[in-house]
1. Which angle between 0 and 90 degrees, to the nearest 10, do you get for helix 315-328 versus the longest principal axis of the chain when only C-alpha atoms count?
2. Restricting to Cα pairs below 8 Å that are 6+ residues apart, what does the relative contact order work out to for the chain? Please round to a whole percent.
3. For the chain, find the longest principal axis of its Cα atoms and tell me its angle to the long axis of helix 282-292, 0 to 90°, nearest 10.
4. Determine the calculated [θ] at 222 nm for the chain from helices alone, applying -39500 (n - 2.57) to every DSSP H run no shorter than 4 residues and normalising by the residue count; nearest 500 deg cm²/dmol.
5. Picking from Ala192, Ala127, Ala151, which is most flexible by a Gaussian network model of the chain using Cα springs under 10 Å?
6. Can you put Thr295, Thr203 in order of accessible area, largest first, using a 1.4 Å probe?
7. Below 19 Å, Cα to Cα, which aspartates and glutamates can Lys136 reach? Residues fewer than 8 away in the same chain don't count.
8. Compute, for Ser52, the solvent-accessible surface of its heavy atoms (probe 1.4 Å) with the complete set of protein chains present, and express it in square angstrom to the nearest 10.
Amino acid sequence: MTANKILFLVLDGISDRPCPALGGKTPLSAARKPVLDKLAAEGICGIMDTISPGVRPGSDTAHLALLGYDPYRYYTGRGPLECVGTGIDMKAGMIGFRCNYATISPQGQVIDRRAGRIHDTAALSRAIQEGVDLSKFGVEFIFRSGAGHRAALALEGEGLSHCVSSNDPKKEGVSPLTVKAMRPGAKEEKTAAVCNEFVNQSTKILFDHAINADRLKAGQNPANIVLMRGAGEMGDFEPFQKKYGLSGSVISAASLITGIGRAVGLPHIEIPGITGSVNSNVKGKVAAAINELKTKDFVLMNIKGADESGHDGLAEQKRDFIEKIDGELEPLLGLKDTLIIICGDHSTPCTIKDHSADPVPVLIRGDGVRMDDVVRYDEYTCAKGGLNRITGTALMPIALDLINKAHKFGA
Ligand code: ZN
Ligand code: ZN
């Protein structure tokens, strides 16, 4: 018997370092989690350097590696994937930026980097799309709203580069920066000029917009400037289905993850009530994943809440979240013909409130997998498992082999 489908569950930022608040345990080792432990007991476990030992992964580079796309080849900045996440159809070579709507004072100083946490900026983004003209540079652009105060900008044209800086001063009370070339070159100079022109024209449009007049009247910060950062060039992604011969879907609340999915041709399944937070509808996600697997070969599901608790430094909340989702993962125990992979994308230790390079625990469970002696899913126990220590880009090849879809190398 061999599994022929793959459920790939990424518990975002799940692993940790010893937490003083938990008597020196990690949230994962302190949590009561019978379902994850049973899956570990029925499978093979190990630890994983998502990118390579000592490299602290972002969620984006980590997920690229987990899907088998070398981030050193495919990743030049967060912008392009953010663009894809807002629904922009990014073609290879286009330059993408992540943007924020922000507030500047009449004197030109950034006074709120999130524009009063404005939401529903679609009309503002439409006004920018219709009003800004970059044709004198021979450049087309697409500007789209994201969630809340976020947006994304994509540039398309000859002679552009992603090696430009940001206009975001990253703090309040100072003027926005001028976008500059990050290395000498005509493409870099041109792209910086395009960006500065975009900011100038869009700022004028935003200052005059009725929505902002209304916000000022209501005592709210207007969204009167676009801050852009994370420039990157869209990579030439080989479609997932072509690369592996597997159809698939992505289930995630995070636009960055759904953007990565779209970039490799994996559609995103919408689920009501998923928030990317500790209150997310994990039950709905699990049911949707199981349903998808009726017609698809592969589902990538990301559950985000633990990462958020790690960034907030809340070890007990992180442990409680793990206990909550563990119960909601119970339907996975009955999943037939499916290889279940569970791992983190990086550690998010509560003690550092950011990602670290500590390897993440990984388990693979399904028919035909060589079970090891590991009966608990945590950082310490998985380190003793039969998978030993692997890298993120090795995971898809290992999974393909286990479902008998790997090709023989040699005679
Ligand atoms: Zn992550
Ligand atoms: Zn994070």
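The values are calculated or read from the model by the stated rules, or taken from the named source; none is laboratory data. Not measured: the values here are computed from a predicted model. Virtual Cβ from ideal backbone geometry, glycine too; neighbours counted across all protein chains shown. We work out accessible area using only protein heavy atoms, side chains counted, and drop any ligands, DNA or RNA first. Shrake-Rupley method; radii C 1.70, N 1.55, O 1.52, S 1.80 Å.
1. 60
2. Relative contact order comes out at 34 percent.
3. Tilt relative to the chain: about 80 degrees.
4. Counting only the DSSP helices, I get -9000 deg cm²/dmol.
5. Ala127
6. Most to least solvent-accessible, the answer reads Thr295, Thr203.
7. Glu156, Glu158, Glu188, Glu189, Glu197
8. Solvent-accessible area, nearest 10 Å²: 40 Å².
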